[in-house]
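Input: a single structure, listed below in structure tokens.
The values are calculated or read from the model by the stated rules, or taken from the named source; none is laboratory data. Keep in mind that this is a model prediction, so the values were computed, not measured. Here the Cβ positions follow ideal geometry from the backbone for every residue, glycine too, while neighbour counts run over all protein chains shown. The protein model used for the area step is the full one, side chains on, heavy atoms only, and it has no ligands, DNA or RNA in it. Shrake-Rupley method; radii C 1.70, N 1.55, O 1.52, S 1.80 Å.
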Amino acid sequence: MYELPELGYEFDALEPHIDARTMEIHHSKHHATYVAKLNDALSPHDTLKNLPIEELLTRLFEVPGASRTAVRNNGGGHYNHSLFWKMISPGGSKDPSGELAGAIKSIFGSTDNLKAKIIEAGVGRFGSGWAWLVLTPENKLEVMSTANQDSPLMEGNRELLGVDVWEHAYYLKYQNLRADYLEAWWHLVNWNEVEKRFSL
Ligand code: MN
């Protein structure tokens, strides 16, 4: 059985960039529903339902056909959101430092260029999905986006930073202005968490 993780801060902690009502619905309704539907989809599959979520998502091919789409969508949703809540924070370091800062500078030129690339990836994602900074299997930093609730992990990448660009993540406050949401979201990036994932 998978469980909805604690958010780790209050719903209103990310104001004014992300409003409390959006956080409440996003965590206690959307994320909770992914968890419930994932558990439903796996209920007949005893060997799969107790795997760590990361492992489950790299073994989707083992999920019987009738359940596979539900596991992919809801398992990806559970995993992505569990990361997302930690990648933003009311506190935390506001800039990358150490080896991560050096890697960002060498690949993207500057943190501002990285920001622009992530925003571009998020705005350019047609429909619902995510924009990411990942570490590829070749240990290279890369910006990418995924559709729906697919996760970079499914292709062997390690997520360092990700942003949800589903309308449910921003529509109450930003309506159609996805780029404005992404600009505001950038203020909340928890670089301590990004660095922690970089050095895993
Ligand atoms: Mn979401």
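Seen against the Cα atoms of the chain and their longest principal axis, helix 65-87 is set at about 30 degrees. Across the options Asn192, Leu7, Leu38, the greatest Cα extent toward the positive end of the charge dipole of the chain (unit charges at beta carbon of Lys, Arg, Asp, Glu) belongs to Leu38.
Rg of the Cα atoms in the chain, relative to 2.2 N^0.38 Å, amounts to 1.00. Working note: Cα gyration tensor of the stretch 86-200, eigenvalues times five, square-rooted, sorted largest first, giving semi-axes of 22, 16, 13 Å.
For the chain, what does the helix formula give at 222 nm: sum of -39500 (n - 2.57) over DSSP H segments with n ≥ 4, over the residue count, nearest 500 deg cm²/dmol? Please report the intermediate quantities before stating the final value.
On the way: 9 runs with 92 residues, N = 200.
The helix-only estimate for the chain comes to -13500 deg cm²/dmol at 222 nm.
The translational diffusion coefficient of the stretch 23-103, from Stokes-Einstein at 10 °C and 1.306 mPa s with a Kirkwood hydrodynamic radius over alpha carbon pairs, comes to 111 µm²/s.
By average Cβ neighbour count within 10 Å, what is the ranking of 173-185, 74-86 from highest down?
Values: 173-185: 16.8, 74-86: 22.3.
Ranked by mean Cβ neighbours within 10 Å, highest first: 74-86, 173-185.
Taking the C-alpha atoms only, the angle from helix 98-108 to the longest principal axis of the chain is near 80 degrees.
The mean accessible area for residues of the stretch 77-200, using a 1.4 Å probe and ignoring ligands and nucleic acids, is 44 Å² per residue. The angle between the Cα long axis of helix 32-42 and the main principal axis of the chain comes to about 40°, on a 0 to 90 degree scale. Peptides 139-145, 91-97 ranked from most to least packed give 139-145, 91-97, packing being the mean of other C-beta atoms within 10 angstrom over each peptide's residues. Computed with a 1.4 Å probe over protein heavy atoms only, the accessible surface of the stretch 1-74 comes to 57 Å² per residue. On the chain, 50 percent of the accessible area sits on carbon and sulfur atoms, based on a 1.4 Å probe.
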